[in-house]
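Please read the structure below before turning to the comments.
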Amino acid sequence: MKNAMKLPALLLLSAALTLHACSSRGKTSGAVGTDKDAKPPVELLKATSRNWTAGIMGGGSGTEYTFTVAVHATGDMRFTRIALGGADHVPTTVRPGSTVTNAPVVPHQGDTLHLRLSLPSGSGPGTAQTLIHYTLNTTEQQLPVPTIERLPAEKHP
């Protein structure tokens, strides 16, 4: 009689373990909704710098930095600052091909944007890591910039 009672319990336990194994297959422990093919909220496509000199005497000189990013996230997003050379700088956000204005550019999913900085001579990345800071739905996020390609210098008329 005892063995007859153990058999249904064993079958029930076996079915429960099989169901659990099937439902958790493909999930990573502790991670919810992870996907190797998922894109990050913002992707750095390219980072460049170009030294410039004004075309008039006393007009100054500096370096123009352009960070090209692709926006993959939906929600309220703002590019707040770029940490460069140990200091924070507020970028100008521009849509490629558009003129630079003071009007704010609101990022949307699928956008490719240029984040621009123009800094006086002597400011630069130095040895500190360059980071793009942005908020996504009020949560502060960071995008590291591994390298900045140096473009040939230009003179402004």
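Where a number appears in this text, it was derived from the coordinates with a stated rule and is not lab data. From a predicted model like this one, the values you see are computed outputs, not experimental measurements. Every residue, glycine as well, gets a Cβ built from its backbone with ideal geometry; the counts of neighbours run over all protein chains shown.
Quick notes on this one:
- Between A38 and D88, full extension at 0.36 nm per residue minus the direct alpha carbon distance yields a gain of 15.0 nm.
- Spin-label model, T48/E64: points 7 Å from Cα along the beta carbon direction are separated by 0.9 nm.
- Length gained when the stretch T135-T112 is fully extended (0.36 nm per residue, less Cα-Cα span): 6.6 nm
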